[in-house]
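Enquirer: Please find one structure pasted underneath; my questions will follow.
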C-alpha cells in the first residue's frame with residue numbers, strides 16, 4: 001500500500017551532507033515530497049525531516065540505505081502516533097476590502113498577521129498539515145497571492161536523548 005511517511009534523520013552538520021542524502025533518494029528514483037533541515041541543540045548536528053510517498057518496502061529500504069551513509073548518525077521512521085509534527089506557513093492574501101473577515105479567520109487558526117496593507121494581509125500559521133490545508137481552503141475565495149510552507153518538522157514523543165548529550169529527566 002502506498003502512503004506518505006516521515007523519516008527523521010540526525011546528520012553531521014557540514015557541507016555536502018544534504019547533497020548525499022538527496023542523492024540517495026534520486027539514485028533510487030524516490031521522490032522527496034517535503035524536506036526540512038535545521039541545526040540541533042548541538043551545532044555539530046542537524047536534524048532532517050523528510051516526507052515521502054511509497055510502500056512499506058521503500059520505507060524500510062530508505063531507512064537502511066540512509067543508515068549506511070557516513071554522515072548519518074540516526075535515521076528512523078516517525079509514525080503519527082509516536083511523534084509530534086507541525087508545519088509552518090506564510091501566506092499572502094488579497095483583502096478585497098475585507099480585512100476584518102480575513103483577520104478573524106487568521107485568529108480562528110491561531111495565526112499572526114505579519115504584514116498588511118490596504119490590498120493584502122500576510123499571515124503566519126503553524127500547525128498540522130491538515131490544519132494548514134484547511135486554512136488555505138478557507139481563504140482561497142479571497143485570492144491567495146503567495147504561499148511559503150516549511151513542510152512538516154517532526155520529533156518523537158518522550159524524553160529520550162537521541163543525540164546522547166546527557167539530557168536527563170528531572
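Enquirer: Quick check on the stretch 45-52. Is at least one of its residues surrounded by fewer than 17 Cβ atoms within 10 Å (Cβ to Cβ) and not assigned by TED's automatic domain parsing to the domain that holds residue 129? Let's see the steps before the verdict.
Expert: Quick first cut of the stretch 45-52, residues surrounded by fewer than 17 Cβ atoms within 10 Å (Cβ to Cβ) only: none.
Within the stretch 45-52, none of the residues are surrounded by fewer than 17 Cβ atoms within 10 Å (Cβ to Cβ) and not assigned by TED's automatic domain parsing to the domain that holds residue 129.
Enquirer: Separate question: Across the stretch 121-160, what is the number of residues that are crowded, with 16+ Cβ neighbours inside 10 Å, farther than 26 Å from residue 38 by Cα and either under 21 Å from the mean Cα position of the chain (by Cα) or at pLDDT below 95 (or both)?
Expert: 1
Enquirer: Also, quick follow-up: Of the residues 110, 83, only one is within 22 Å of residue 5 (Cβ to Cβ) and either under 22 Å from the mean Cα position of the chain (by Cα) or at pLDDT 90 or above (or both); which?
Expert: Working: 110 fails: within 22 Å of residue 5 (Cβ to Cβ).
When all the criteria are applied, what remains is 83.
Enquirer: A follow-up question, please. Looking at residue 13, is it outside the structural domain of residue 149 (by TED's automatic domain parsing) and within 16 Å of residue 56 (Cα to Cα)? Show your work before the answer.
Expert: Details: outside the structural domain of residue 149 (by TED's automatic domain parsing): yes; within 16 Å of residue 56 (Cα to Cα): no.
Judged against the criteria, residue 13 is not a match.
Enquirer: Could you tell me which residue of the stretch 106-120 is surrounded by the most Cβ atoms within 10 Å (Cβ to Cβ), considering only residues that are touching a strand residue (DSSP E or B) at 6+ places or on another chain (Cβ under 7 Å) and not in a strand (DSSP E or B)?
Expert: In this case the residue turns out to be 106.
The values are calculated or read from the model by the stated rules, or taken from the named source; none is laboratory data. Bear in mind that the values here come from a model prediction, so they are computed numbers and not experimental data. As a convention, Cβ positions derive from the backbone with ideal geometry for all residues, glycine included, and neighbour counts pool all protein chains shown.
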